[in-house]
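Undergrad: Shown below is the structure under consideration.
The values are calculated or read from the model by the stated rules, or taken from the named source; none is laboratory data. As the structure is a computational prediction, the values presented were derived from the model and not from experiment. Don't worry about glycine lacking a Cβ; one is built from the backbone with ideal geometry, like all the others, and counts go over all protein chains shown. Keep in mind that these areas ignore ligands, DNA and RNA; they rest on the heavy atoms of the full protein, side chains included. Shrake-Rupley method; radii C 1.70, N 1.55, O 1.52, S 1.80 Å.
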Amino acid sequence: MGSREKLPPTVTLAVTRYRPEEESEPTLQTYEAPYRKDWVVLDALNYIKDKVDGSLSFRWSCRMGVCGSCGMMVNGEPKLTCAAFLSDYLPGPIRVEPLQFFPIVRDLVVDMTDFLHKLKKVKPWVVREEERPLSEGEYRQTPEQLDIYKQFSMCINCMLCYAACPIYGLEPGFVGPAAIALAQRYNLDSRDIGAQERLDILSGKDGIWECTFVGECTKVCPKNVDPAGAIQQYKLTGAAHWFKSVLLPWGRK
Amino acid sequence: MTGGKTPFLWTLFSAGGTLAALLFPVHLFLSGLAFPLGWLEAPSHDSLLNLVQHPLTRLYLFFLISLPLFHWAHRFRYTLYDGLKLKHLTTLIAVLCYGCALIGTVVTAYTLWNVP
């Protein structure tokens, strides 16, 4: 009981506001929200939206680290705001900004077109020569075959890794951590035959060779996907293809 | 294919990093701590010379010295590019970095070749 009195009654949040019809530049606006030990940044944002300023815009959905929509910069670090406890940022103020390196649409909402475009380019689905008819049953896989790609399949497309990647900040063309990890997720799937189709994008001009192994993508990933690991793994594949194409130039690409 | 010579340079970088991470600690421990502090009996000059005269030892030393130099060159090149934002000097930086590694490699080869 005694400790309850020591808790701050409120916490200050400095939140990015950007209303393109009113402002030409994003600015920070401060709000007060009640402090609760079990509240996360997203709870505070929802409190502000409900009780203080209904015009504040941000994306969220599941509140439990599954949907990947509430990613923002919290005190300069990419975080899922549903998993960023207020108690870890005391005494505040807590700076809440949209994911960096993405164009801002409004307030905390970023434009994710670039990521979706890149994601589609790496064909993140099971590529098959020919689909078997349903009557022939499912494509079976052993637990060992599943283990090979399972970690990379945990990605929730939250884009925290892009906001953490200094290379993506410097080279906006870079395919980027999540898209490469997801490409690897399908490359390593025993049911997939699309590795060759993904090769040109992955080891092309904006692919894996842009990465200098900073490793921040893996550090911020809320699902422990380890995109940096996926990229280094694919560099070995890319290098093997390069040596093959140099040593056996007459062979098929 | 694509990526220019990057895949090749990355292979040197990667091999050099692996060697440095796995073997440098062993050498540092032996010749930096264990021998000078007397934890292990230091080999005599003659026995070391004998060891280095063996072609396999020389080959080992060649890779142990040369590949980590290329590891450094690759890492330092990107540190200059991205860290200091000197991408406009790309050719000069690449020539300087890999050039240094190449010079180090030639000196290493020359020295090892001329072991008496």
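Undergrad: Looking at chain A, which Cys residues are left with no other cysteine's beta carbon under 4.7 Å from theirs?
TA: If one checks each Cβ against the other cysteines of chain A, A:70, A:82, A:155, A:158, A:165, A:211, A:221 turn up with nothing under 4.7 Å.
Undergrad: Sort chain A into rounded, prolate or oblate with this rule: let a ≥ b ≥ c be the square roots of the eigenvalues of the Cα gyration tensor; rounded if a/c is under 1.5, and if a/c is not under 1.5, prolate when a/b is larger than b/c, oblate otherwise.
TA: prolate
Undergrad: Of the residues A:147, A:189, A:43, which exhibits the maximal mean-square fluctuation in a Gaussian network model of chain A defined by a 10 Å Cα contact cut-off?
TA: Answer for the Gaussian network model of chain A: A:147.
Undergrad: Sticking with this structure for a sec: Which whole-number percent is the relative contact order of the stretch B:6-113 (Cα, under 8 Å, 6+ apart)?
TA: The value is 36 percent.
Undergrad: Measuring from centroid to centroid over Cα atoms, what is the spacing of the stretch B:80-116 and the stretch A:1-75 in Å?
TA: Distance between centres, Cα-based: 50 Å.
Undergrad: How big is the gap, in Å, between the Cα center of the stretch A:144-189 and the Cα center of the stretch B:1-56?
TA: Cα centres, the stretch A:144-189 to the stretch B:1-56: 34 Å.
Undergrad: Follow-up question, since we're still on this one. May I ask for the accessible area buried between chains B and A, both sides summed, probe 1.4 Å, to the nearest 100 Å²?
TA: Summed over both sides, the interface buries about 1500 Å².
Undergrad: Continuing with this model, one more query. Test of understanding: extend the Cα→C-beta vector of residue A:28 to 7 Å, then name every residue of the stretch A:73-92 with backbone N under 16 Å from that spot.
TA: Hits in the stretch A:73-92 for residue A:28 at 16 Å: A:73-78, A:89-92.
Undergrad: Taking the 0 to 90 degree range and rounding to the nearest ten, how far is the long axis of helix B:6-27 tilted relative to the main principal axis of chain B, both from C-alpha atoms?
TA: 30
Undergrad: Relative contact order for the stretch A:2-110: what is it in percent, counting Cα pairs under 8 Å that are at least 6 residues apart?
TA: Once normalised by length, the contact order is 32 percent.
Undergrad: Please work out how much accessible surface residue B:75 shows to a 1.4 Å probe, ignoring ligands, DNA and RNA, in Å² rounded to 10.
TA: Its heavy atoms expose roughly 90 Å² to the probe.
Undergrad: Nearest 0.05, what FRET efficiency do residue A:140 and residue A:171 give at R0 = 41 Å with Cβ-Cβ as r?
TA: Step by step, r from the Cβ atoms, then E = 0.50.
Undergrad: What number, in percent, do you get for the relative contact order of chain A if the mean sequence gap of Cα pairs under 8 Å and at least 6 apart is divided by its residue count?
TA: Normalised by residue count, the contact order of chain A is 17 percent.
Undergrad: Now for a different question. Among DSSP bridges having both ends in chain A, what percentage is antiparallel? Round to the nearest 5.
TA: So the antiparallel bridges amount to about 85 percent of the total.
Undergrad: Determine, from the Cβ-Cβ distance of residue B:91 and residue B:8 and an R0 of 25 Å, the FRET efficiency 1/(1 + (r/R0)^6), rounded to the nearest 0.05.
TA: 0.90
Undergrad: Using 0.36 nm times the number of residues separating residue B:103 and residue B:27, minus their current alpha carbon distance, what extension gain do you get?
TA: 25.1 nm
Undergrad: If you don't mind, there's one more thing I want to ask. Holding the Cα-Cα limit at 27 Å, pick out from B:5/B:87; A:49/A:150; A:118/A:219; A:219/A:244 the pairs that are longer than that.
TA: A:49/A:150; A:219/A:244
Undergrad: For the pair residue A:67/residue A:36, report the inter-label distance in nm, with labels modelled 7 Å from Cα in the Cβ direction.
TA: Distance between label points: 1.8 nm.
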